[in-house]
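I have placed the structure first, in the form of structure tokens, so that the comments after it can refer back to it.
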Amino acid sequence: MSTSAAESGTASRHLPRQAYGLALVLLLASAVLWVLGMAVGSTGLDSLSRIRQDPQAWQIIWEIRLPRSVGAWLAGALLGLAGAVAQGLFRNPLADPYLLGSASGASLGVALAMGLLGVSPLATQWLALAGLTGAAFVGAVLAVLLTLLLAQGVQHTLRLLLAGVVVGVVLGALTSLALLLSPGILQAMQSFMLGSTSFVAWPACVLMAVVLLLTLLVAWGMSPVLDGLALGESTAQSLGLPLPALRVGLIVVLALATGTAVAQTGLIAFVGLAAPHVVRSLVQTSQGLLIGLSSLAGAVLLLSADLLARSVIAPSELPVGVLTAVLGGAYLLWRMHRQGSARRGAGRLP
């Protein structure tokens, strides 16, 4: 008995070490990707090599490439954090940050803003500076509030999940109707729907950094409720956790992180869904560490996808949302195939 207890204690000490090691690897990968992000562009390495002599090269690096790379990293971190919170809250590994209708709400907000203001040069400039971001964020938050209203609170997880699906479908249909009534905004909406980091500037990076720090701290503080929910709702209640209040707090974190990322970069699929899966495939840890590691993994995933989107068909670029959907879908299919093969192999054992 004492030997098994000692072995379990040794294993529990190894888990944080593995988690911290993975965090260090992800931070080093982020630094390398930031440097690569400064070198990838229509002018290639030329701007990076002339950064000291040429003010224009410095402007390209400082005002375009670096904020875009930092913004992609921050948006991916927000989506990874939101994905880990959603999967822990709903106790479903297929839950993603858009589950409560935030993506459809953001799309509808942008479509309505464009439809009301038009796509004239002046209106487009205003939307790029403030209106598009604000409309997307307000739409995402209102969609989550509508989901909570339909679900009659946060007491029933299944009802909340179904309400999110219904809200997403209805708001998606309203977005299609808005595009049908204002066909002139269709091309302008395409960039938002496919996801892009092209227009991320330093003010957006500062906003995302503040929201990321805030949501990380709140999610970390509420991680014990996710650990309790992982053992079952009755177990969590027996531990004395105030589940309704903590659920509300986690949903606020989920909505704030998702709405901020979507408002700055548009709809980017699979990052929030895949990041926690990547972390769980590498280490087994508590929900608190899982949230932090998923945030780092999401940041690395989106920044890597953004670099690929910029370089695959350079000097043109692919929509980063399309690339993340293809790569994320391929990864999840591979994981499903691998798990299915492992189960079949275990079934054939004598």
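The values are calculated or read from the model by the stated rules, or taken from the named source; none is laboratory data. This one's a predicted model, so the numbers in the text were calculated from it and none came from an experiment. Cβ atoms come from the backbone with ideal geometry, glycine included; neighbour counts cover every protein chain shown. Accessible surface areas use protein heavy atoms only, side chains included; no ligands, DNA or RNA. Shrake-Rupley method; radii C 1.70, N 1.55, O 1.52, S 1.80 Å.
May I ask you to verify whether LEU290 is closer than 16 Å to ALA325 by Cβ, open to solvent by less than 30 Å² (accessible area, probe 1.4 Å) and at pLDDT 90 or above?
Details: closer than 16 Å to ALA325 by Cβ: no; open to solvent by less than 30 Å² (accessible area, probe 1.4 Å): yes; at pLDDT 90 or above: yes.
So LEU290 fails the test.
Looking only at residues in segment 158-175 that are within 16 Å of PHE90 (Cα to Cα) and open to solvent by less than 20 Å² (accessible area, probe 1.4 Å), which one is modelled with the lowest pLDDT?
Quick first cut of segment 158-175, residues within 16 Å of PHE90 (Cα to Cα) only: 158-165.
The next check asks that each one be open to solvent by less than 20 Å² (accessible area, probe 1.4 Å); those that pass are 160, 163-164.
Details: LEU160: 83, ALA163: 89, GLY164: 88.
So the residue we want is LEU160.
If you scan segment 194-206, which residues turn out to be modelled with pLDDT of 85 or more and open to solvent by 80 Å² or more (accessible area, probe 1.4 Å)?
Hits for segment 194-206 are PRO203, VAL206.
From the list SER182, SER234, SER191, which residue is of a type in the set (Ser, Thr, Tyr), open to solvent by 60 Å² or more (accessible area, probe 1.4 Å) and either under 16 Å from LEU254 (Cβ atoms) or at pLDDT below 85 (or both)?
After applying the criteria, what remains is SER234.
Checking the condition of a type outside the set (Asp, Glu), in contact with a helix residue (DSSP H, G or I) (Cβ under 8 Å, 6 or more places away or on another chain) and under 28 Å from ARG65 (Cβ atoms), which residue from LEU254, LEU290, LEU250, LEU267 passes?
That would be LEU267, the only listed residue that is of a type outside the set (Asp, Glu), in contact with a helix residue (DSSP H, G or I) (Cβ under 8 Å, 6 or more places away or on another chain) and under 28 Å from ARG65 (Cβ atoms).
Which ones in segment 71-92 are part of a helix (DSSP H, G or I) and farther than 19 Å from ALA29 by Cβ? Working first, answer last.
Taking segment 71-92 first, the residues part of a helix (DSSP H, G or I) are 71-90.
Once the filter is applied, which keeps residues that are part of a helix (DSSP H, G or I) and farther than 19 Å from ALA29 by Cβ, segment 71-92 yields ALA82, VAL85, ALA86, GLN87, GLY88, LEU89, PHE90.
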